[in-house]
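Written out below as structure tokens is the structure these notes cover.
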Amino acid sequence: MKFNQLGKSGIRVSEIGLGCMSLGTNEAQALNLLDRAYELGISFYDTADLYDRGLNEKFVGRAFKTRRDKVVLASKVGNRWHEDGKTWHWDASPDWIREGLMQSLERLQTDYIDLYQLHGGTLEDPIDEIVATFESLKNQGMIRAYGISSIRPNVIREWLKKSRLSSVMMQYSLLDRRPEESVLDLLARQGVSVIARGPLAKGLLSDKPAKAYLEHSEAQIQALQPKLDDFTLASRSRGQLALRYALAHPAIATSIPGASNLNQLEENIATEKAPELSREELQQLKALVPASVYKEHR
């Protein structure tokens, strides 16, 4: 497995990580997936307090409590559950970040989180106070690095001005090329890594039947899917092609496809052995899908 530096943090992450949101609520199945991911070389696991109201963090904690120093754990904060257990609201206050961290540490059965991320963010957030809180938690050794999970260019630019964040998590795939237009080059220049989520576009770039996605109609995706086969090889499936695309930009440190079964997991991890895309192939793929741009939060 190839490892990349996460921003300027000194943390190294596997090029293919695991987005844990799709683990589900069956403990035995989730632990089996996490164990297999570890066996096959994944070191980076991304979860959040929001996922299944903390159950997801508990599964990750149980899987790695005896090998904590062998993995890089990332979690997120900012979405606060209501007492009904069905709804939540946005809370980016320093008090909640600290309280949320303590709860996440307990569920993850650890005394530190490698990468702690604000799970969203707006320009109305008290960014200076949030940054000060993250810096304090880092100085206390409770987190090793911090970042944000955001697709909003205006929010990302503010964080770049006001913080020493290590990473930005954002949706990025051949079917969602918005980051190419506005932020990928900027982040690369500033030494901030991107964690690419949604690289398979809900399976539409691998084996799922065509349906509408973002600005792309069902008919457009149906027409695209067979064209992708022109870029596949015996050692590079359609899904692995999509992952190779998401990893091609120098800003990307890791891509975190989800997996709900072992076949999906092993297919994703096998991308490590799949040939990288040539510059010509990248240009040809981009020509197949019009580059979209962010219409809001610019």
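What to note about this one:
- Estimated vicinal HN-Hα couplings, Hz - region 170-178 in sequence order (Karplus 6.51, -1.76, 1.60; Gly, Pro = x): 8, 6, 7, 6, 4, 8, 9, 9, 4
- Over the C-alpha trace of region 45-95, radius of gyration and Dmax come out as 12.6, 37 angstrom.
- Stretching the chain fully between residue 70 and residue 136 yields a gain of 21.3 nm (0.36 nm per residue, less the alpha carbon separation).
- Lysine pair count for region 141-285 with Cα-Cα distance under 26 Å and sequence separation of 8 or more or different chains is 7.
- Value of D in µm² per second that Stokes-Einstein yields for region 153-298, Kirkwood Rh from Cα pairs, at 20 °C (1.002 mPa s): 135
- Above 34 Å, the calculated P(r) of the chain contains 18 percent of its Cα-Cα pairs.
- Neighbours of residue 58 by Cβ distance under 13 Å: Lys/Arg scored +1, Asp/Glu scored -1, total -1.
- Overall form of region 115-170 per C-alpha gyration tensor (a/c, 1.5; a/b vs b/c): prolate
- The GluC sites (Glu not before Pro) of region 1-103 that DSSP puts in a loop, and whose beta carbon has at most 13 other beta carbons within 10 Å, are 83.
- Between region 248-298 and region 25-53, the C-alpha centres lie 21 angstrom from each other.
- For region 125-210, with +1 on Lys and Arg beta carbons and -1 on Asp and Glu, the positive-most of 191, 153, 206 along the dipole: 206
- In this simple spin-label model, placing a label point 7 Å from the Cα along the Cα-to-Cβ direction at both residue 12 and residue 157 gives a separation of 3.6 nm.
- Under the convention that each Lys and Arg Cβ holds +1 and each Asp and Glu Cβ holds -1, the size of the dipole of the chain around its Cα centre is about 500 debye.
- Region 152-167-region 70-94 distance, computed between alpha-carbon centres (Å): 20
- The stretch between residue 273 and residue 292 holds 3.8 nm of extra length on full extension. This uses 0.36 nm per residue minus the Cα-Cα distance.
- The order of 58, 295, 76, going from fewest to most other C-beta atoms within 10 Å of their C-beta, is 295, 58, 76.
- Those aspartates and glutamates that a straight Cα-Cα span of less than 20 Å connects to residue 295, excepting residues fewer than 8 apart in one chain: 124, 158, 176, 180, 181, 185, 215
- Residue among 54, 3, 79 farthest towards the positive dipole end of region 1-102, charges placed on Cβ: 3
- For region 1-107, the fraction of alpha-carbon pairs in successive 5 Å shells from zero, as %: 2, 12, 21, 22, 19, 14, 7, 3, 0
- Reachable lysines from residue 76, criterion Cα separation under 17 angstrom, eight or more residues apart if same chain: 58, 138
- Ellipticity at 222 nm from helices only: DSSP H runs of n ≥ 4 in the chain, each -39500 (n - 2.57), divided by the residue count, give -11000 deg cm²/dmol.
Each value in this text was obtained by applying a stated rule to the coordinates, not by laboratory testing. The structure displayed is predicted, hence computed values, not measured ones. Please note: Cβ atoms are built from the backbone with ideal geometry, for glycine as well, and neighbour counts cover all protein chains shown.
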